[in-house]
Every structure is written in structure tokens, then in C-alpha cells.
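No value in this document is a laboratory result; all are computed from the given coordinates. These numbers come from a predicted model, not from an experiment. Here the Cβ positions follow ideal geometry from the backbone for every residue, glycine too, while neighbour counts run over all protein chains shown.
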Amino acid sequence: MDLKWALLLGLFLPSCSGCAIGYKFVKRKCVDVDECLSSVCGAHSSCINTPGSFNCTCSPGFHQHENSTSGLCEDINECSDPDVCGTNADCFNHPGGYSCKCHQGYSNYGNNQSKCIEMDCDQFKPESDVDHTPEKLKHLMSLLKSSCESLNDPHGEQVTGEGLLKNLCSASNELLSDENMADGKTMSHFLDAMENSMRLIGPQLKESLTRMETNNTFAEVAVMRSQAPPSGGVTLSTDSALFNTSWETVVGKSYPGFAFAALVSYKELNPSSDLLQKMSREESDDKEKSVTYQLSSKVVTAVVSNAETKQLPEPVMLVFTHVEGESGGAAYSCVYWDEAERAWSERGCERAWSNGTHTACSCSHLSSFAVLMALYPVQEKLELELITRVGLALSLVCLFFCILTFKFCRSIQGTRTSIHLHLSICLFIADFVFLCWITSTQNKVGCAIVAALLHFFFLSAFGWMLLEGVQLYRMVVLVFHTTFKHLYMYLVGYGLPLLVVICCAIAFPKGYGTKDHCWLSLENGFILSFFAPVCIITILNCFFFIITVWKLAKKFSSLNPDLSSLKKIRSFTVTAVAQLCILGGTWIFGFFLFQEKGTEVMLYLFTIFSSLQGVFIFIMHCLLSKPVRTEYYNLFLRMCPHKKKGEYSTSNSQKPLRSDDSTGESRI
């Protein structure tokens, strides 16, 4: 400090005071002088008092010129640097700062001291295919186009970044509530609009971190403004995903004075099943066609201010929360929406790790992402195929003998035998069709016919089972003097199943035949057209059997019961209940098998019981029936005349049974 300033400030005190420079003598002691109480530093500067002295600091935008002798702060002419506003703006200097006025078609999004970026407001213009674009999406694009154009019009109505983000979330909320992303074009339009919208809105937000949530949309945006590019990590999170990257990746090669990163998740964005199964051509050639995909996370869009995001210098990390819990045997894939292919693609995304609740994805580019869960079909094991083929072959042989027995064995002819005959015929045809053509899926029409035949004959088998339950009930309640007319039996055994199949074929013809088997499709619950009648018939038969057993118990306890007839009905009831358990229980196992969590135990049980149904029927109605065994023995004697009749005897031998014409039932 020169002598002139020292004298002016009175820093040289009389020698008699005894105080150093910058202090004064007060009440017999030296006290620091606060020089900042006087305007010692001049305009555009700030004074900081120090013990015995002071410091002058120029305000931002000013500096103390090195050749100045006054010590006062002078304005810095930032516009002398041609790069301060870039080539797309004009620089205007003013005391303490400067402002960049962007050229036509460029904007710095209201950040007057930032470089200007080219504006493409036409990207928000709906495509010429106006009939295809949903109305709410067109309204959203119109809103964004107006906001984009207002940035170049200083006299236009300005909407804050927060207000624009709120409008965007509200519009997307309505769009997702009403529209179903049924095709790739609509999906691409929507996701592209959301990504471009965040690029428009992000730089206009004032807060360093902005969060906004609606019923169907959740957005979080981080913004940094500084003269120097920011550094370090940045993490954003929504209700269903986490986005982690670095500010260096967000900024990219050029820094205009601001940077932002945004993450948007869509709670109700449900692509159609066709879009979920569609993978880009590069991946689909390597995938098994039988694999089906299920959306295992919410779809999210990740956006940064860096315009070059097709190949990032370092990968970003996205952690997704699964929509549902862990699914055994499922494979999770990290995918993004490829707008060019209008399909999901795995290119540039790798699964870092995955557990029952979360999947982490490492991606070298940015777009809209999701996690797909690949569901692989149950692989047919060799032992299961062997059980099926051997069991069905045995069943066909046994059912063939059952048909011959019920048709030609005179001693057991009656209504119940007719029911067993048609039940065996239905199962024989169903098993034969199943064994020969269940996997013939090459011809869609032929496969549909096979599925319809299986549907009809399996339902017919249960229809004849229902008739047996009703017949036993009538025999007990009506004191054994009743029978069915064959016309009525045919209407129930064949007519009703045929009506069900015709109605199903008309209502949903695509339900017959799947990619792997010629059976009923699981889509739209079509399989219930078989399981629902089976469950109803099983419940009705259980009701009839309970009433029958109850009536039998009362008759056994009466004073003069007809023991022979009652024992005969009891035997019939036991075999009918066993038959119901075998046929009905088989499809109970099958019902659990068709669920997503069908176990391998259920698979084996279903295979064994379904393939051996004919064997069980032959054992119950033929081998365990004494009249039938007698007829078999007599047939054996006629075929082998050298055998003596006395070789087959029982303690209670009797002649073959004959039918009672009044009841149509064999009697003991």
C-alpha cells in the first residue's frame, strides 16, 4: 500500500500512541481498525477486514486490471473470448456479466450464459399417418411443439420447466390409461416422444433435483449448472428402477454450461402379447421359437443431455425391481426398445446380476429399457415319453377287450353295461388320436381337428360317467325298477359334448391347437371349456354317490333288506366311485400341471394316470367281476377243448348270469 493511501486512512498514528499500523489507541489499549466501514475498496468489490489491515476482492464479472494504479475493480469483457457463447449466438457484455442471444433455430433453454443448442421443434410434429396416431398422443406432441417454439420467441408465453414436466406427466398419464400399445408403431411414437420431451424439459428445470409422480408415470431429473463441467457420479431412482452413471458420461464431449440426467418409469405401460414375443431379427434367429416372454419389470426411459448416446464411453447401470417374485426356471434378459426394428432387442445390454426380486443391467447406450422373463416350455423327458407310449398302448389293448366284453358278454347286459361300453369307446378313440397325432402341429387345420376330437371324446367319457352316477341313484331311490332310454343316454353322452365343442369352435376357433401340441390353448382361459364341465360332472357325481351310499345304509339297516340286491348295488357303487377317482383325479393333476407353478411330481402323476386309464377300467369292470371271469373261463374252454370244466371251480359255483328283462340289470 503506497504512502498516499496510508495517510488518507490515518494509518500512521502519532508515535506517542504506541500502536502498530492498523490499530488505534482506545482506553489505554490498541484496538483493530475496521477499515471496511469506509468505502475503501470502491464499487464492484467486497471488503474483508483482517487484523491490522483489510483485503479487497472484486465481484464476479470484475477484476483489478494489472496496469491499474487506482486499485479499483473494472468490468471483465467476457465477449472478448469468441468461444464464450459459441458460433450459434451473439455475445452481449454488460457490467458484471454477459448474455448469449441465440440465433434463429437455436436455444440455451433460458440459461443466458450457456452455449446455444440447435432446436428441432419438428420432431414433435405428428407423422402424416394421423389416423394411426392416438388422439392423446397427438395432443401431447402438440403441447411439446408449442413449448419448443416458445423458447425462440422472447415475446411468447413462457412455460416453466416444472410446469411443462407436470403437463407431460398428466398427458402421458391419460394416454397410458386409455391406450393399449397393441403395435410397434404406437409404442415407438410414445417412447420417442417421452425421450425428446425430457431433452426439452430437463435444461429448463430450476432445481438441482426434481421428482414428479402421477398415477401412471414417475420421473426424476437431476440438473447441474456451472462454468466448469461437473464430475463424479449421479444416481436417479423411481418406484421401479435405479439409474447410475457419471456426470462425465452425462456431459459428453461438449459442455454448454448445463447438464441433466432423467429417469422416467411407466407404471401402466403394458405392451401387447405380440410385442412381448417379438425380438429383433438378430436375436430371434438364435432363440427357440417355443420360448415365450413376459414383462418382468416396468418400462423405463433414461435420458441425458449428451446427444451422442448410441455408444457411451462407459456403460451405465440400471437396476430393475421385478413386478412379481422369482419364477423357478425362468431366464431374465435386459432389453431395450429398438425403434428401427420396432421390437425388443438385447444388443448393447448385458445382465450384470439377477436375483428373485431385482435384475441389474449394464448398457452401452441409452433408450427405453425393461427386463423380459423368458419362459421355456417343459422339456419332454425320455422317461415321460416312454411311460406315455407304453401306457397308452396297454390302455388301447385293454379298452379293446372291454369293448368286446361289454358288447358280447350276454350275462352282464344291461343299462350299466351299455354305459361302460360307450365310455370305453370314447376313451379308446381319444387315446388312439392322442397317441398318433398329439404332436402333429405342422398342419394347423389338422391340428385343430385333432384338438377338437380330443375335446369331444374326453368330454363324452365324462358324460357317460355322469349317466352311471345317475343310474345308480335311480336304482336305489326307485327300488331298482328303472332304466334309461338309449336316446336320452346318447343326448347326454354325445349330444351335450358336441354342443360344447361347436360353441367353443365358433367363439374362439384359434383355441384348438398350440405351438407344441394339438390340445386346447391356455390363451384367454380357453382350457376352462374342458375343465369347467369336468369339475361340474365330478361334483354332480359326488353328490349322487353320497346320496346312494346314504340310501344303501338305510336299506341295510331296515328290517327285511334284500341283501343280494343291496350287495350288488354296493359293488356297483364302489367300482363307480373308483372309476370317478381314476378319471376325475387324472384331470385334477392335469389342472395343476397347466398352472405356472406345476411341479414335476404333478407331471409324472398326470402322465401315469392318464396313460393307464384303460388298464384301470379293464381291471375294475372285467377282471374283478366274477360273471366276466366266468365268461372268460368258458371262452377259454371252448378254445382249448382238452381242458376239463372241473378245473375251474369256486366254493360257491353257479351258472352264468342272465339278464333280468324288467330292469335291464344282471342279477346274482
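The gain in end-to-end length when the Lys185 to Ser226 segment is fully stretched comes to 10.8 nm, 0.36 nm per residue minus the alpha carbon separation. Scanning residues 5 or more positions from Ser246 or on other chains, those with amide H under 5 Å from its amide H are Val234, with H placed 1.01 Å from N in the peptide plane. Scalar couplings 3J(HN,Hα) for region 92-101, obtained by applying the Karplus form with A = 6.51, B = -1.76, C = 1.60 to θ = phi - 60°, are 10, 8, 8, x, x, x, 7, 9, 10, 9 Hz; x denotes Gly and Pro.
Residue order for Glu339, Glu268, fewest other beta carbons within 10 angstrom first, comes to Glu268, Glu339. For the peptides 404-412, 441-449, residues were scored by their other Cβ atoms within 10 Å and the scores averaged per peptide; the highest-first order is 404-412, 441-449.
Multiply the residue gap between Lys444 and Glu213 by 0.36 nm, knock off their C-alpha separation, and tell me the result in nm, one decimal place.
Working: separation 231, 0.36 × 231 = 83.16 nm, distance 4.76 nm.
The Lys444-Glu213 span can extend by a further 78.4 nm.
Applying the Karplus relation 6.51 cos²θ - 1.76 cosθ + 1.60 with θ = phi - 60° to region 461-471 yields 3J(HN,Hα) values of 4, 6, x, 5, 5, 5, 4, 5, x, 5, 5 Hz, where x marks Gly and Pro. Note on Glu383/Thr292: beta-carbon distance plugged into 1/(1 + (r/R0)^6) with R0 of 45 Å gives a FRET efficiency of 0.95. In region 436-546, Rg over Rh equals 1.08, where Rg is the alpha-carbon radius of gyration and Rh the Kirkwood radius from pairwise Cα distances. For region 499-510, putting each phi into the Karplus relation 6.51 cos²θ - 1.76 cosθ + 1.60 with θ = phi - 60° gives couplings of 5, 4, 5, 5, 5, 5, 5, 6, 6, 8, x, 6 Hz, in residue order, rounded to whole numbers and with x for Gly and Pro. Relative contact order of region 339-457, taken over Cα pairs closer than 8 Å and 6 or more residues apart, is 15 percent. Between His358 and His322, the built amide H atoms are under 5 Å apart, and every one of these is 5 or more places off in sequence or on another chain. Based on the Cβ-Cβ distance from Tyr488 to Ile547, what FRET efficiency comes out when R0 is 22 Å, to the nearest 0.05? Given R0 = 22 Å and the Cβ-Cβ separation, E is 0.60.
Using a cut-off of under 15 Å, list every residue of region 224-247 whose amide N is near the label point 7 Å from the Cα of Glu314 along the Cα-to-beta-carbon line. Within reach of a label on Glu314, which here means backbone N under 15 Å from a point 7 Å along Cα→Cβ, region 224-247 contributes 230-235, 244-247.
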